[in-house]
Amino acid sequence: MVVSSGTIDSLLKEKEQYPPSAAFRKAAVLRSDSFRVDAAKDPEAFWARMAKELAWMAPWSKVLEWDPPFAKWFVGGKLNMSANCLDRHLAGPRRNKAAIIWEGEPGERRVLTYHDLWREVNLFANVLKGLGVKRGDRVTIYMPMIPELPVALLACARIGAVHSVIFGGFSARAIRDRAEDAESRLIVTADGGYRRGAVLPLKKIVDEAIADLDVVRHVVVFKRAGVEVSMREGRDHWWHELMAKADADCEPEAMDATDPLFILYTSGTTGKPKGIQHSTGGYLVGVATTTKYVFDLKDEDLFWCTADIGWVTGHSYIVYGPLANGASVFMYEGAPDWPEPDRFWRMIEEYDITILYTAPTAIRAFMRWGDEYPRRHDLSSLRLLGTVGEPINPEAWRWYRKTIGGGRCPIVDTWWQTETGMILITPLPGVTTTKPGSATRPFPGIDAEVVDEKGLPVPMNKGGYLVIRKPWPSMLQTLYKDPERYKQVYWSQVPGKYFTGDGARMDEDQFFWLMGRIDDVINVAGHRIGTMEVESALVSYRKVAEAAVVGKPHPVKGQSLVAYVVLKKGEGRSDELKKELQKHVREAIGAIAVPDDVYITEKLPKTRSGKIMRRVIRSLVSGQEIGDTTTLEDPGAVDEVRKWLAEVEAHPE
Ligand code: ATP
Ligand code: MG
């Protein structure tokens with residue numbers, strides 16, 4: 001076999017291992033790896049077995065129709081997503097179980113049982129119908145994190161409308177572009193939502209977004225904050241007025257498994273957001289299965305995924321995955337540091353939350369704020385922790401395990417994307433011996449590999465491109481209205497394999513280590529270095545909370561490394577710091593990875609989803625213009641980064 005020498009140099013070596021505790025393993029949904037072994041033998045049979053646990057209105061005739069690069073799962077099968085998440089639970093003991101336990105930022109609480117939620121969804125589905133929304137129509141949803149947001153999603157699913165959720169932090173421009181692209185007839189919003197004690201005027205932003213957008217015929221407004229809004233006669237309607245008049249019964253539409261359930265635009269870390277289109281049947285099978293096995297979900301759990309429903313994580317692991325499993329979901333409206341940085345820990349203590357799923361960026365913020373906040377609270381209800389969104393550096397992983405998990409909770413570091421719909425690489429918490437910083441192994445039925453630019457497998461512990469070799473049920477169907485771009489972005493780099501755009505290496509135990517995005521790889525004197533490893537080395541220094549590393553043109557080396565570093569609370573700058581950090585990186589991973597420049601900063605520029613914007617920093621640092629700023633989520637972000645850079649670079653270490 002021809003084997004490549006690898007395309008990214010791997011420097012990081014993390015040796016620690018954490019097997020699941022005997023107590024955890026004993027009670028776990030999965031206790032042995034036989035599940036994975038079986039799935040690998042015949043993935044289609046495995047997914048069909050998983051699918052049979054769900055409610056179908058008509059059986060499928062074919063599990064998978066693979067006409068590369070287009071996959072159709074459960075062809076011929078009919079089902080309804082909302083019936084799977086709601087109606088199915090009403091006949092048994094889950095009927096009056098809490099589906100959603102919610103806390104608003106100002107402190108109000110609401111509990112919706114499965115029956116309550118079902119009722120609201122029926123009513124709102126009829127509201128949508130009453131406004132002329134039909135099967136296949138697109139509905140844009142721009143709401144705060146309140147229970148009406150999942151109600152709106154599920155109501156669309158009930159009548160077969162395709163939802164497109166836009167994160168509540170986006171600007172009018174972003175809404176306009178997305179609503180226009182999706183040709184949405186209707187927008188669901190609220191008067192406002194709470195964030196750090198202030199009210200974000202959502203309806204006002206929608207007004208601005210659609211002032212000259214004729215496709216949008218109706219706007220439904222939920223009264224959340226009680227702020228003044230202007231209502232345009234004939235176009236704008238109050239949620240509560242329509243609900244009061246709506247019929248309480250709405251039969252779930254029998255959808256084809258291959259009908260689209262939603263469109264969701266990616267967070268735009270690497271460029272122009274892509275309109276990812278997901279199916280109904282395959283998507284449901286993927287998220288229902290992963291929720292159950294990755295999070296070891298039991299009926300007694302209170303599951304809290306802290307993502308916003310505006311991102312795929314919220315779609316899959318606040319709404320569809322947990323509800324399809326009949327779980328109790330905790331939902332919070334506001335900021336983690338409001339009114340104080342212990343808000344999360346206070347709620348975990350009060351509600352006895354058992355599973356916490358959050359992002360490395362949040363964990364690093366908690367570390368920076370200091371241990372005193374989690375220490376104020378009893379977190380012993382927690383039994384499992386998860387992360388998603390970026391690679392988690394081993395230092396943050398260890399802190400999370402010890403300070404939040406009390407050393408007792410397994411951590412599932414889950415790698416996936418908006419495109420993949422479901423978690424693809426992850427520990428199985430009762431089975432996998434984890435290593436800090438590794439997402440470990442592919443979920444059962446998933447076939448992942450690390451290859452070079454020719455598509456050849458790279459040797460063990462060499463970095464390359466992460467690809468997926470076989471289709472999986474919840475994979476994106478296409479890019480909305482743009483199948484050519486779908487082919488080009490995901491299927492042209494490595495023929496026949498799904499190209500993730502992420503770098504990774506596989507170690508001697510076949511564990512995957514994500515190394516950051518291919519686009520961010522830096523070429524130093526012939527070595528290709530992933531940002532993740534250098535950032536991890538920096539963060540493992542006791543004074544450092546967070547780091548971003550980018551490349552900058554260098555006359556001899558090709559590129560040199562520039563590091564931007566955020567210190568922990570209470571750590572001061574010093575003349576020696578740059579040298580200390582360089583020495584630390586040299587010792588941790590080697591001379592080649594030592595940054596030539598080190599800047600201390602108060603914060604790092606991030607996307608709205610909380611990911612570091614290396615792409616923009618890199619362009620500005622190299623003196624290149626960003627080029628087409630319409631490719632950014634929010635063109636204003638470039639100016640912010642420019643301002644940030646000017647400030648940071650005025651005070652080098
Ligand atoms: P865009 O594709 O528009 O640039 P994005 O990739 O940030 O935006 P998402 O789909 O939200 O949009 O993020 C998926 C990406 O997040 C992955 O490709 C990977 O780079 C990163 N990621 C997610 N989870 C992990 C993880 N556990 N470990 C490492 N990286 C992760
Ligand atoms: Mg992406």
(message) For the stretch 400-433, give me the residue count where each residue is more than 18 Å from Arg36 (Cβ to Cβ), within 15 Å of ligand 2 (Cβ to nearest atom) and without any contact (Cβ under 8 Å) to a residue 60 or more places away in the chain.
(response) 0
(message) Just to check your reading of the model, which residue among Ala182, Ala155 is among the aliphatic types (A, V, I, L, M), in contact with a strand residue (DSSP E or B) (Cβ under 6 Å, 6 or more places away or on another chain) and closer than 24 Å to Asp256 by Cα?
(response) Ala182
(message) Consider the stretch 498-508. How many of its residues are among the small types (Gly, Ala, Ser) and surrounded by 23 or more Cβ atoms within 10 Å (Cβ to Cβ)?
(response) 2
(request) Could you tell me whether any residue of the stretch 274-297 is within 16 Å of ligand 1 (Cβ to nearest atom), hydroxyl-bearing (Ser, Thr, Tyr) and under 20 Å from Thr140 (Cα atoms)? (result) yes
(request) Pick out, from the stretch 347-461, the helices (runs of 4 or more DSSP H) lying fully within it that include 1 or more residues that are within 15 Å of ligand 1 (Cβ to nearest atom). (result) 360-369, 394-399
(request) Can you work out which of the residues in the stretch 158-207 that are under 24 Å from the mean Cα position of the chain (by Cα), open to solvent by 20 Å² or more (accessible area, probe 1.4 Å) and under 17 Å from Gly636 (Cβ atoms) is modelled with the highest pLDDT? (result) Leu200
(request) Kindly indicate whether Tyr373 is open to solvent by 10 Å² or more (accessible area, probe 1.4 Å), more than 23 Å from Gly193 (Cα to Cα) and away from ligand 2 (no atom under 16 Å from the Cβ). (result) yes
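Quick grid of which residues meet (1) buried (at least 24 other Cβ atoms within 10 Å of the Cβ); (2) touching an Asp or Glu at 6+ places or on another chain (Cβ under 9 Å):
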{"position": "Gly430", "(1), (2)": "no, yes"}
{"position": "Phe443", "(1), (2)": "yes, no"}
{"position": "Val451", "(1), (2)": "no, no"}
{"position": "Gly496", "(1), (2)": "no, no"}
{"position": "Gln510", "(1), (2)": "no, no"}
{"position": "Trp513", "(1), (2)": "yes, yes"}
(request) Grab the strands (runs of 3 or more DSSP E) fully contained in the stretch 485-530, keeping just those with 3 or more residues being within 14 Å of ligand 1 (Cβ to nearest atom). (result) 498-506, 512-517
(message) Taking the condition of being within 16 Å of ligand 2 (Cβ to nearest atom) and β-branched (Val, Ile, Thr), how many residues in the stretch 376-399 meet it?
(response) 1
(request) Among residues belonging to the stretch 1-36 that are at pLDDT 95 or above and part of a helix (DSSP H, G or I), point out the one that is surrounded by the fewest Cβ atoms within 10 Å (Cβ to Cβ). (result) Ala22
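The values are calculated or read from the model by the stated rules, or taken from the named source; none is laboratory data. Note that the coordinates shown come from a computational prediction; the quantities given were computed from them, not determined experimentally. No Cβ is skipped: glycine too gets one built from the backbone with ideal geometry, and neighbour counts run over all protein chains shown. The protein model used for the area step is the full one, side chains on, heavy atoms only, and it has no ligands, DNA or RNA in it. Shrake-Rupley method; radii C 1.70, N 1.55, O 1.52, S 1.80 Å.
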